[in-house]
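As structure tokens, the structure follows; a few thoughts come after it.
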Amino acid sequence: MVRTRTIICASCKHADTHAACTIDGHPIGGHVQGGKCPKGKQADANGHVRWLGVKWLGIPAPVRWWHNRTEELRWDEVPGCGCVVWLKRLWMMIRR
């Protein structure tokens, strides 16, 4: 969960270069360690992340693609697949 929260904070347009949130002024580390995101973008208890008005399984796929260009992360170590929750559920129902 900490890796997910870290990536979400790092990819947020409200994170400044001094590792602080420009909305509430708190350090990003506080948000990562369990503090409340002012935009509500952190993962919930199920690991779902709300981004662009949609719930995703872990880090959203477009954010993964954006971070993947730097090759800093090993995506097999990050929970979730990056799929839209309702589309993944629909796909799993169709496959059965």
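The values are calculated or read from the model by the stated rules, or taken from the named source; none is laboratory data. This structure is a prediction, so every number in the text was calculated from the model and none was measured. Neighbour counts run over all protein chains shown; Cβ positions are idealised from the backbone, glycine included. Areas reflect the complete protein model, heavy atoms only, side chains present, ligands, DNA and RNA absent. Shrake-Rupley method; radii C 1.70, N 1.55, O 1.52, S 1.80 Å.
Which of the residues that make up the stretch 1-27 are open to solvent by less than 30 Å² (accessible area, probe 1.4 Å) and within 14 Å of the chain's Cα centre (by Cα)? Steps first, answer last, please.
Just the residues of the stretch 1-27 that are open to solvent by less than 30 Å² (accessible area, probe 1.4 Å), to begin with: 4-5, 7-9, 12, 20-21.
Those that are open to solvent by less than 30 Å² (accessible area, probe 1.4 Å) and within 14 Å of the chain's Cα centre (by Cα): THR4, ARG5, ILE7, ILE8, CYS9, CYS12.
Each row is one residue, and each column tells you yes or no for (1) over 22 Å from GLY82 (Cα atoms); (2) of a type outside the set (D, E, K, R); (3) touching a helix residue (DSSP H, G or I) at 6+ places or on another chain (Cβ under 7 Å).
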site	(1), (2), (3)
THR4	no, yes, no
HIS14	no, yes, no
THR22	yes, yes, no
VAL32	no, yes, yes
LYS39	no, no, no
LEU52	no, yes, no
LEU57	no, yes, yes
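Please go through the stretch 1-59 and give me each residue that is free of Cβ contacts under 8 Å to residues at least 24 places away in the same chain and among the basic types (Lys, Arg), ordered by number.
Once the filter is applied, which keeps residues that are free of Cβ contacts under 8 Å to residues at least 24 places away in the same chain and among the basic types (Lys, Arg), the stretch 1-59 yields LYS13, LYS36, ARG50.
Name the helices (runs of 4 or more DSSP H) wholly inside the stretch 1-79 in which the number of residues that are modelled with pLDDT under 85 and among the hydroxyl-bearing types (Ser, Thr, Tyr) is 3 or more. Reasoning before the result, please.
Working: elements: 2-11, 28-32, 61-68.
Those helices (runs of 4 or more DSSP H) span 2-11.
For the structure I just gave you, tell me whether ALA43 is open to solvent by 60 Å² or more (accessible area, probe 1.4 Å) and within 29 Å of ARG89 (Cα to Cα). Write out each step before concluding.
Working: open to solvent by 60 Å² or more (accessible area, probe 1.4 Å): no; within 29 Å of ARG89 (Cα to Cα): yes.
Here the answer is no, as ALA43 does not meet what is asked.
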